[in-house]
Structures are given as C-alpha cells and as structure tokens.
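**Student:** Quick one: this structure, given as structure tokens, is what I'll be asking you about.
What follows is calculated from the coordinates using simple rules that are stated; it is not laboratory data. If you're wondering where the values come from, they're calculated on a predicted model, not measured in any experiment. All Cβ positions, glycine included, derive from the backbone under ideal geometry; neighbour counts span all protein chains shown.
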Amino acid sequence: MRQPQPRLRAAISLVVTGLLVIGLIASQWLLGDTPQQMQFEARLAPPSVDHWLGTDALGRELWARTLAGLALSFWVGSLAAILSTLIALSLAALATLSSRLDALVSLLIDTLLSVPHLILLMLIAFALGGGTQAVIIAVAVTHWPSLARVLRAELWQLRQAPYVRMSRAFGKSRWFVLHGHLLPHLLPHCLVGALLLFPHAILHEAALTFLGFGLSPSQPAIGVLLADAMRYLSGGYWWLGVFPGLALLLMVLGFERLSRQLRRAL
Amino acid sequence: MLKAHQLSFQFSPGVPLLQAASLTLSAGQWVGISGDSGAGKSTLGKLLAGYLAPQAGSVTLDGAALPKSGVQPVQWLPQSPELAVNPRWRVAKILREAWTPSNAQCQAFGLQEKWLSRLPQSLSGGELQRVCVLRALAPEVRFLVADEISTMLDPITQVELWQALKQEAAQRQLGVLVISHDSALLERLCPQRFHLSGGQLTPW
C-alpha cells in the first residue's frame, strides 16, 4: 500500500518549488529594467550592503541579472523539457504499434545518442539562426532519446501485462486501455523524466549561450553571465561567476530533489 | 461449444509445445488438464481464450472464430491475481471493469464491502483471486479457463472459491477448463480430464 509520507514530502517539495517559481516569475515584473541599468561609478563592485551580490563590468546589479537569468533559464528549460517529453512519449507510443516502427524508432534513438550532444545542439541552434526559440527547439530535439528509450521499454512491458490484455478481453477499447491503464502508469515516468530533463536543458542552454550559439549576449541569461564572468575570474572578481553559478546549481538541485520525491510518491 | 481443433504451437522453432491437440468444451462442462511444468497447459489455456494465436489448427466457438471485440465469451484466469489487476486501481474499480456484480454475487464469492476502497496490494492472494474470478463472470462469458487459480491459496480458501464458482457455473451453464497440477482437485471437480504431455492430450 502507498505510504502517505513520501506523498506528503513530495507535496511539500512541490509547494515550495512552486512558490519559488512563482516568486521568480513575479520578480520579473518588479525588477523592470533593473538588470539592464548601468552604474559606471560602481563597476565591478564587490558584494556589499549597496550592491547585494556585487556588480558586473558595466555596473549592473548582479542580483537582478541573476534573477532575470534564472527566470529566462526556467522558461527555456521548461519549454524544452516539455517538448522533449512530448516527443519521447509520442515516439515511444509509435514504437509499440508495429515491429517495423519499433525498429525505426530504435534506430533514431541510437543514432541521436551516438552523435555528440553539444555538436548536434550547436548545429541545430545555428541552423535555426540562434535566439531563444532556436535554443528551445535545439534542446528539445536532442534530449528526448533517453526518455523515449525508457518509455518505449515500459510500454512494451506494460502491453504484455496480464491486466492490460485482460482489459481488452473485457471488451474495453484501445482508447480505454491507453488512458485507463497505460498513460496513468507512464505519467509519473513522464513527469519525473521531464523534471530530470529540465536541469539538463538549463545547463545546455547555458552551454550553448556560453559558446555563442544560443541566446543573445544582450539577454541576462545565466549562460551569458557565466561567459562574461570567465573573462574577469582571473582578476579576482569571483562574485561574477559564483553567484549566478550557485543560483543555477540551487535551481537544478531543487528540481532534481522534486523529481526524486515525485518518483517515490507516484 | 468451444472447440480446439488440431492446435499446434511453438515458442522456439523446432521445439513444439502443442502438436495437433484437440479439445471440446460444452456448456456446463468441467474439463481438467494436468501436465508437467512446461508441458504447455497455460499455452493451451491462452490459445483457447484468444490470448495467443495458434500456428496451426483453430479455436472456434459454436463453429465460428472467437470474436475480435466486446466482452470475450472465453475468459482466462491466471494463477497470480496480482498480475491480473491494475495496481493503481481500487478494488471497486477493478471489480467493475467488465461488469457490475450484484451484492448477492459478491457475498457468494466472499467479497467484503471494506475491500472495495482498498488498493489490490492490501488484499491477500486469496481475497484478490476471489475478486478476479468474480470480475471474469460477466453475463456475456460462457467459458472460463481457470489456470492454476487455487495453487497459491490455503485449503479453506480453495474450497470456498471452487464452491462459489461451481454454484455460479451451474446456474449459468458455464463451461470451465481447470488447469492444475493437483490430480486430487481435478478428480473432484472435473468428470473429464486430460493429461498434456509431448504436445498431446491424453484422457485419464
């Protein structure tokens, strides 16, 4: 029987993460153009009471830029993870229809997994002309194979489960079997898969942006902040890299923890 | 009448499990099948219920092929009830997947009201098997393939389950194929019995 404790923990995690995300999104309205405001008299100022997390080379407040970067990463990561999960689920479902389609999907999965991730990301983002949309599509198109492989295996196993076959023998339609038996079973996998993809998506968005194939350098994305920080780290301006990096790490760990607890609860 | 005619089946090439096995099950008839492990008893049961397609021969119901849709008139009951139910569904939903049994039928099979709100994991094997057997007795069902359904149950639960099934089958003239290792059980339940060996059915 399901124990209430993991579900309670997952619910608490979900509420806390949800509140943080809502706060992050709401902060963008409150911030206004603060992340872009330059103060040339306070260039590369270290963390202090006046400049909480310090400022960058153009005197822009790092706390505001980090918050804006996190919000941007959240949107990019969420959309890419959702798209990726939908691709994975659709292809896994397609693979169960016939052995030929299964072979085709398996080939596609193996091919994509065999190509170095970052090269594919760069090629797709470059082909699409860069920018937010290109990053989302590039990350979504390259991140589905691992999840698709898991979902495909689950679906194949589940379709052979006696209770699924018996459901058909009880006169239930394919649609009923799909939404009554298969999808509820796959939903936790999809949810956890999407949550696990999310940190990957954020990190790859940052990597693409860092390499110049992603978001515009004018946008306060975490990848842009980290790329900027690289130039100043040797000068002792540690806060430029530490705070955005730490914020990204906390976000990734938060979602990783949530996905772990949801997996236990579901 | 449920008829298996010259059924042949193999999982691996060159290793035939069933070789031209024939069997007839009439309404209200109880037929027993015994055999060693791996002899193909369950495969025969699944072929009769339409879960597997024969590689040669045919399974017919009143001279026609088994229907492709709707509640299947031949229902298969597996040994492990845990595998026969969706672990995410409550017992009430499981029970009513095929049809809605009356309170009297629930009582006859010893189902308790308090089980209905539970998840299957919280029921014992015997309790869950009762649920599965009753679930399979939809009005459209005419034949049952009981594949070792009482093997994992204690003697008292076995007796209760078979008594309830006997009563229901007699009322509705259900034909029942009992697959078991237990010769004594088959002797008690089934006037007609076969031993499956080498892919062939031999009366005993």
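**Student:** Remind me, relative contact order of chain A in percent, using alpha carbon pairs under 8 angstrom and six or more residues apart?
**Tutor:** About 26 percent, as a whole number.
**Student:** Please go through the residue pairs B:K3/B:K41; A:K172/B:K93; A:K172/B:K114 and name each one whose alpha carbons sit more than 18 Å apart in this structure.
**Tutor:** Too far apart for the 18 Å limit: A:K172/B:K114.
**Student:** Apply the Karplus curve 6.51 cos²θ - 1.76 cosθ + 1.60, θ = phi - 60°, to the phi angles in region A:42-52 and return the couplings in whole Hz, x for Gly and Pro.
**Tutor:** With coefficients 6.51, -1.76 and 1.60, one gets 10, 6, 6, 6, x, x, 7, 5, 6, 10, 3 Hz.
**Student:** Say a paramagnetic label sat at a point 7 Å from the Cα of A:L107, along Cα to Cβ; which residues of region A:116-157 have their backbone N under 18 Å from it?
**Tutor:** From region A:116-157, the list is A:145, A:149.
**Student:** Here's something else I'd like to know. In what order do B:I94, A:I137 fall by count of nearby beta-carbon atoms within 10 Å, going from fewest to most?
**Tutor:** A:I137, B:I94
**Student:** Using Cβ contacts closer than 10 Å as the measure, can you line up A:L187, A:L182 from fewest to most?
**Tutor:** With the fewest neighbours first, A:L187, A:L182 line up as A:L187, A:L182.
**Student:** List the GluC sites (Glu not before Pro) within region B:117-204 that fall in a DSSP loop (any state other than H, G, I, E or B) and whose Cβ has at most 15 other Cβ atoms within 10 Å.
**Tutor:** Passing both the DSSP loop test and the Cβ count: B:E140.
**Student:** I want to check the label-to-label distance for B:Q121 and B:T60. Put each point 7 Å from Cα in the C-beta direction and report it in nm to one decimal.
**Tutor:** Result for the modelled spin labels: 4.8 nm.
**Student:** Another question, if that's okay. Mean 1/r over all different Cα pairs, inverted: what Kirkwood radius does the protein assembly as shown give, in Å? Can you show the working numbers first?
**Tutor:** Details: mean 1/r = 0.0376 Å⁻¹.
One decimal place: 26.6 Å for the Kirkwood radius.
**Student:** Shifting gears a bit: For region B:66-134, run through the chymotrypsin sites (Phe, Trp or Tyr not before Pro) and keep only the ones in DSSP coil with at most 10 other Cβ atoms within 10 Å of their Cβ. Walk me through the numbers before you get to the answer.
**Tutor:** Numbers: sites: B:W76, B:W89, B:W99, B:F109, B:W115; in loops: B:W89, B:W99, B:F109.
Sites meeting the loop and neighbour criteria: none at all.
**Student:** Tell me the relative contact order for chain B as a rounded percent, counting alpha carbon contacts under 8 Å between residues six or more apart.
**Tutor:** 32 percent
**Student:** Where both partners of a DSSP beta bridge lie in region B:2-203, what percent of those bridges are antiparallel, to the nearest 5?
**Tutor:** The answer is about 50 percent antiparallel.
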